[in-house]
Amino acid sequence: MALARGFRLGLVVALANLLVIGAAAGSEPLRVSSERPTIGLVLSGGGARGAAHIGVLQVLEELQVPIDFVVGTSMGSIVGGLYASGADGERLEEIVTGVDWARTLSNDRPRQALPFRRREDDRAFRFRGVLRLENGRPQIPAGVVDGRHVLYLLRGLTLGVSQVESFDDLPIPFRAVASDLRTGESVVLASGDLALAMRASMSAPGFFDPIELDGHLLADGGITANLPIEVARTLAPDILIAVDVGDTLYPLEADSSVLAVFNQMLTILIGRQSAQEAATLGPEDLLITPDLDGLGSTEFDRAAAGIQAGRRAAEALSDSLRQLAVPSEDYAAYRRELQRVSTSPRVAEILLPNETEENADRLRRSLGTEVGAALDLEELAADLEYLDALELLDPAGTRFEAGDDETVSISIATRSITDRSETLRFHLALDDDFQGETRFELGLRYVATRVGQAGAELRIDTILGEQQSFGGEWYQPTGPRFFVAPRAAYRARRVPILTGDGRPAIYRLRGWSGGFDVGMEILRGGELRLGYSYWNGDAERQTGAPSPLTESFSQQQARLLLRFDTLDHASFPGRGQWFEAMAVRQFEGLATPDPIDFLDLRWSRAFSPGRFRGSVSAELGLLFDPSTPAAAPFALGGPHRLSAMTELQLVGRQKALITAQLLYPVADRGFSMPIYLGGTVETGNIWSERREIDLSDLLWHGSVFLAVDSYLGPAQFGIGFGEDLRRRYFFSLGHRF
């Protein structure tokens with residue numbers, strides 16, 4: 001959860017330790033005493049290896065060595081910028097080891113922050129990744145990661161000094177070094193937006209999107225100055241302490257991959273440039289090179305090991321460092337100047353610089369943070385997460401500025417509600433029971449949001465396979481939280497119909513359907529709909545005895561639908577709930593001219609005991625007029641729905657099912673595709689009439705399976721168990737539409 005764990009952690013840390021409201025805003029930059037030399041600190045780039053900088057800083061603090069300015073590149077600019085903002089080594093360690101780096105260094109948005117319609121997309125289309133379109137053409141990003149979550153994190157962590165324009169006015173003067181991709185030259189960032197400067201400095205080409213700033217297209221400073229000693233010299237230090245955590249060369253074989261050769265080439269070029277910079281150090285300067293063999297530049301989950309390596313390297317030079325120390329009383333005064341804290345800022349104003357008449361109501365309605373109230377960090381984070389998920393937030397233009405009277409001003413830069421966004425989502429599903437029953441589906445969903453002045457949404461689905469569908473929905477907001485949604489589609493699907501002997505016949509129905517809903521949003525996690533729909537077409541019997549259903553059919557119904565979804569993961573949730581209640585009146589049912597009324601309730605609750613992920617789900621289906629002989633709206637069977645049975649093996653008019661599931665991650669740390677060992681206990685049944693429902697009729701099933709959260713969707717291989725030692729193997733990939 002990049003924002004929830006990244007941005008929120010940043011805000012909390014900022015308030016607790018870095019919020020230098022008023023104090024730092026009006027204070028002068030630290031002045032070096034004429035009785036001691038000016039000490040500059042140079043921190044190199046190195047990705048996750050930059051955690052070693054924190055260990056060095058901790059030793060400098062323990063030895064009482066003051067730092068008068070910091071120059072950093074890439075990860076060195078992150079550590080250096082936060083240190084210059086007032087964070088000490090202990091707090092930096094808490095930050096680096098507490099952030100969920102796997103999410104922060106990704107484009108993933110926390111699912112619980114998504115608008116309900118995007119959660120719907122996520123639930124129906126489990127294929128990872130979204131293809132963005134621009135004017136109907138695929139939009140190829142400049143980097144794998146857009147870096148918005150890193151920027152939000154840095155904004156929160158530097159909240160207390162956000163009003164500072166010149167980096168000379170930070171508690172410790174600071175410089176960030178980046179590279180201009182247009183000119184190939186180093187760019188020294190000495191003023192402006194501190195968080196954006198640090199983000200630009202760490203924009204590794206190909207991984208992060210570059211940053212457009214003041215006419216420069218900025219990428220990682222390590223390209224041109226990974227150990228920026230020359231930049232530090234321009235600040236006229238008496239003594240420099242340089243810390244080099246750059247990558248080391250790795251043994252290569254003749255058959256090494258292209259990626260390995262490319263990385264080795266970059267390491268050689270960057271290392272040569274760093275060595276040339278280090279050669280300029282004088283006899284009074286110090287070069288610290290932590291032993292980081294075995295720690296890769298992307299292994300942020302091993303930050304603690306990097307910190308310890310930095311400590312060991314600094315401690316090895318402790319005799320030389322002690323010569324730069326100051327008396328305890330002087331060092332205590334130095335630290336006090338860096339950390340002045342206000343713990344209860346008040347929101348002075350909320351600015352929406354891009355606000356227009358079209359988006360004003362929606363933007364204001366999306367904000368829970370109020371002017372005049374004490375700053376609620378969790379609420380502010382939730383506001384920004386929601387705007388970001390709506391794709392209305394402009395990360396680079398969103399800032400928080402501390403005032404000089406214990407207040408904070410929030411400026412939220414947004415995109416226009418008419419700034420159209422187009423995306424494609426993909427769908428793949430495969431089921432096999434190893435007994436000749438295989439089902440396959442491919443799908444595509446096109447979504448265009450913010451269409452027209454009122455911010456409508458167009459959604460078009462194409463599904464091929466056992467179930468087929470082509471159609472769409474026009475979602476039109478009509479005011480605060482209210483909407484209308486007409487829809488139309490061509491559909492083909494398998495439907496069970498009860499025959500005269502009570503056994504189901506499977507029919508394939510094909511035809512055009514349409515409908516119209518009116519509804520309202522419920523908070524940020526659900527919606528309520530009331531609508532009418534019809535479906536007319538042809539029917540073909542595939543299995544079972546003939547039923548009253550003829551070669552053509554017509555179905556019309558009114559529906560009341562309530563849905564709510566707060567799950568943190570569509571396939572393997574650890575927190576949240578999902579609920580769906582549907583009440584239906586079929587004016588003309590399948591195979592019967594009589595009206596049919598039924599209710600279908602589904603609920604799931606997820607929890608996380610320790611490293612486990614668990615869930616309990618329940619289903620209840622009731623047909624209120626069981627006299628209609630052909631009506632069979634409910635079915636059970638298949639994985640986790642009485643796992644030892646085939647799909648649609650039980651069909652009837654009344655339904656009950658309870659499933660308890662527990663997952664244990666056998667490989668989830670450092671893996672982009674977590675692997676789980678899971679099991680379920682399931683009980684339920686189907687009955688013809690409500691008066692026949694008896695708990696003694698409940699069937700008990702269970703399953704054991706191995707599951708993978710793959711890029712193509714959730715994959716499961718397992719075995720289901722039932723009564724009389726019945727068992728059934730199953731494999732599934734994705735989630736059928």
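From the list 268, 223, 229, 211, exactly one residue is open to solvent by 40 Å² or more (accessible area, probe 1.4 Å), out of contact with any Pro (no Cβ under 8 Å at 6 or more places or on another chain) and either among the β-branched types (Val, Ile, Thr) or at pLDDT below 85 (or both). Which is it? So that I can check it myself, show each step before the final result.
Working: 223 fails: out of contact with any Pro (no Cβ under 8 Å at 6 or more places or on another chain); 229 fails: open to solvent by 40 Å² or more (accessible area, probe 1.4 Å); 211 fails: open to solvent by 40 Å² or more (accessible area, probe 1.4 Å).
Of the residues listed, the single one that is open to solvent by 40 Å² or more (accessible area, probe 1.4 Å), out of contact with any Pro (no Cβ under 8 Å at 6 or more places or on another chain) and either among the β-branched types (Val, Ile, Thr) or at pLDDT below 85 (or both) is 268.
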Matching residues in the range 457-503 - criterion: being within 26 Å of residue 523 (Cα to Cα) and either out of contact with any strand residue (DSSP E or B) (no Cβ under 8 Å at 6 or more places or on another chain) or of a type in the set (Lys, Arg) (or both): 459, 479, 480, 481, 487
Filter the range 538-565 down to the residues that are farther than 27 Å from residue 576 by Cα, open to solvent by less than 80 Å² (accessible area, probe 1.4 Å), out of contact with any Ser or Thr (no Cβ under 7 Å at 6 or more places or on another chain) and not aliphatic (A, V, I, L, M) and list them by number. 543, 552, 553, 554, 555, 556
How many residues, within the range 591-603, are open to solvent by less than 20 Å² (accessible area, probe 1.4 Å) and either in contact with a strand residue (DSSP E or B) (Cβ under 6 Å, 6 or more places away or on another chain) or on the phi > 0 side of the Ramachandran plot (or both)? 2
Residues that are at pLDDT 70 or above, open to solvent by 50 Å² or more (accessible area, probe 1.4 Å) and of a type in the set (Asp, Glu): does the range 387-398 have at least one? no
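Taking the conditions exactly as written (open to solvent by less than 20 Å² (accessible area, probe 1.4 Å), over 25 Å from residue 508 (Cβ atoms), in contact with a Ser or Thr (Cβ under 6 Å, 6 or more places away or on another chain) and not basic (Lys, Arg)), does residue 683 satisfy them or not?
Values: open to solvent by less than 20 Å² (accessible area, probe 1.4 Å): yes; over 25 Å from residue 508 (Cβ atoms): yes; in contact with a Ser or Thr (Cβ under 6 Å, 6 or more places away or on another chain): no; not basic (Lys, Arg): yes.
In short, no.
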In the range 200-220, is there at least one residue being closer than 14 Å to residue 80 by Cβ, in a strand (DSSP E or B) and more than 28 Å from the chain's Cα centre (by Cα)? no
Determine which single condition residue 556 fails, assuming it passes every other condition in (1) within 25 Å of residue 624 (Cβ to Cβ); (2) touching a residue at least 60 places away in the same chain (Cβ under 8 Å). (2)
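Give the residue that is farthest from residue 174 (Cα to Cα), with candidates limited to residues of the range 85-98 that are assigned to a loop (DSSP other than H, G, I, E, B) and open to solvent by less than 10 Å² (accessible area, probe 1.4 Å). Before you say what the answer is, go through the steps one by one.
Here is the first cut: in the range 85-98, the residues assigned to a loop (DSSP other than H, G, I, E, B) are 85-88.
From what's left, open to solvent by less than 10 Å² (accessible area, probe 1.4 Å): 85-87.
Numbers: 85: 9, 86: 12, 87: 13 Å.
Applying the filter and picking the extreme gives 87.
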Among 45, 72, which is the only one that is buried (at least 20 other Cβ atoms within 10 Å of the Cβ), at negative phi and part of a loop (DSSP other than H, G, I, E, B)? 45
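Can you tell me which residue is modelled with the lowest pLDDT among those in the range 159-201 that are of a type in the set (A, V, I, L, M) and open to solvent by 30 Å² or more (accessible area, probe 1.4 Å)?
In the first step, residues of the range 159-201 are kept if they are of a type in the set (A, V, I, L, M); the result is 159, 161, 164, 170, 172, 176-178, 181, 187-190, 194-198, 200.
With open to solvent by 30 Å² or more (accessible area, probe 1.4 Å) added as a condition, the list becomes 181, 188, 190.
Details: 181: 87, 188: 93, 190: 92.
Going through the qualifying residues, I end up with 181.
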Sort out which residues of the range 58-83 are free of Cβ contacts under 8 Å to residues at least 60 places away in the same chain and closer than 11 Å to residue 243 by Cβ, and write them in order of number. 79
Picking from 3, 15, 30, the residue that is surrounded by fewer than 21 Cβ atoms within 10 Å (Cβ to Cβ) and either at pLDDT below 50 or part of a helix (DSSP H, G or I) (or both) would be 30
Has the range 51-64 got any residue that is farther than 30 Å from residue 711 by Cβ, modelled with pLDDT of 90 or more and not in a helix (DSSP H, G or I)? yes
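Could we say that residue 717 is closer than 24 Å to residue 438 by Cβ and touching a residue at least 40 places away in the same chain (Cβ under 8 Å) here?
Working: closer than 24 Å to residue 438 by Cβ: yes; touching a residue at least 40 places away in the same chain (Cβ under 8 Å): no.
Against the criterion (closer than 24 Å to residue 438 by Cβ and touching a residue at least 40 places away in the same chain (Cβ under 8 Å)), residue 717 does not qualify.
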For the range 164-190: of the residues being touching a Phe, Trp or Tyr at 6+ places or on another chain (Cβ under 9 Å) and among the charged types (D, E, K, R), which is farthest from residue 224 (Cα to Cα)? 168
So which of 351, 375 is open to solvent by 50 Å² or more (accessible area, probe 1.4 Å), at pLDDT below 80, over 23 Å from the mean Cα position of the chain (by Cα) and hydrophobic (A, V, I, L, M, F, W, C)? 351
I need the full set of residues from the range 102-158 which are open to solvent by 30 Å² or more (accessible area, probe 1.4 Å), over 19 Å from residue 569 (Cα atoms) and either in a loop (DSSP other than H, G, I, E, B) or aliphatic (A, V, I, L, M) (or both), in order please. 131, 135, 136, 139, 140, 141, 142, 144, 146
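The values are calculated or read from the model by the stated rules, or taken from the named source; none is laboratory data. Keep in mind that what you see is a predicted model, and the values were worked out from it rather than measured. Counting neighbours? That spans all protein chains shown, and the Cβs are built from the backbone with ideal geometry, glycine included. Note: accessible area is taken over every heavy atom of the protein model, side chains too, but ligands, DNA and RNA are not part of it. Shrake-Rupley method; radii C 1.70, N 1.55, O 1.52, S 1.80 Å.
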